[in-house]
Amino acid sequence: MRMIPGMHSRHATKAALRRSQEPRVIPPAGLAEMPSLGHSIFNDRGWRNPLRGDYFDRSLWEAYQVGPESARVLAGVQLAADGMFEVSSGDAFAKVADPQAAFELAAGWAIVKLVP
């Protein structure tokens with residue numbers, strides 16, 4: 001069967017359906033819930049595990065804010081191979097062992113970068 005231009009493949013459709021049934025973010029072991037990024041009446045910020053191909057990357061967490069045209073990443077936390085958490089935001093970088101401390105640091109950096 002020939003593909004119609006603009007029509008999604010069966011593989012892409014199945015992958016999208018599977019992703020829609022998964023949570024957007026899963027906290028790492030040792031962290032009960034993701035830290036707050038402050039209150040917003042627009043519900044325009046949060047945490048996510050980004051997509052890598054057809055799957056969520058569960059070793060990377062991003063604090064983001066949705067804007068008029070796109071979402072921008074305010075801070076990120078990467079679980080490194082050595083078990084440490086690499087926290088980054090712009091030029092700022094830190095390597096932290098404790099997940100609670102790593103995510104609180106990332107949340108603090110993200111809140112500073114929020115656009116009102």
Within the stretch 1-40, restricting attention to residues that are in a loop (DSSP other than H, G, I, E, B), of a type in the set (A, V, I, L, M) and at pLDDT below 90, which residue is farthest from residue 99 (Cα to Cα)? 1
Given the residues 103, 56, which is the only one that is at pLDDT below 95, surrounded by 15 or more Cβ atoms within 10 Å (Cβ to Cβ) and either within 23 Å of residue 22 (Cα to Cα) or small (Gly, Ala, Ser) (or both)? 56
For the stretch 67-100, how many residues meet the condition of being at pLDDT 95 or above and either aliphatic (A, V, I, L, M) or in a loop (DSSP other than H, G, I, E, B) (or both)? 18
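Can you give me the number of residues within the stretch 68-92 that are exposed (fewer than 12 other Cβ atoms within 10 Å of the Cβ) and in contact with a strand residue (DSSP E or B) (Cβ under 7 Å, 6 or more places away or on another chain)? Quick ask: steps written out before the conclusion?
Filtering the stretch 68-92 down to residues exposed (fewer than 12 other Cβ atoms within 10 Å of the Cβ) leaves 68-70, 80-83, 90-91.
Keeping just the survivors that are in contact with a strand residue (DSSP E or B) (Cβ under 7 Å, 6 or more places away or on another chain) gives 80.
Summing the residues that are exposed (fewer than 12 other Cβ atoms within 10 Å of the Cβ) and in contact with a strand residue (DSSP E or B) (Cβ under 7 Å, 6 or more places away or on another chain) in the stretch 68-92 gives 1.
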Do you know which of the residues in the stretch 44-82 that are under 18 Å from residue 105 (Cβ atoms) and of a type in the set (Ser, Thr, Tyr) is nearest to the chain's Cα centre (by Cα)? 64
In contact with a Lys or Arg (Cβ under 9 Å, 6 or more places away or on another chain), surrounded by 11 or more Cβ atoms within 10 Å (Cβ to Cβ), of a type outside the set (Phe, Trp, Tyr) and at pLDDT below 95: is that true of residue 114 in this structure? yes
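The values are calculated or read from the model by the stated rules, or taken from the named source; none is laboratory data. Source: prediction; values computed, not measured. All Cβ positions, glycine included, derive from the backbone under ideal geometry; neighbour counts span all protein chains shown.
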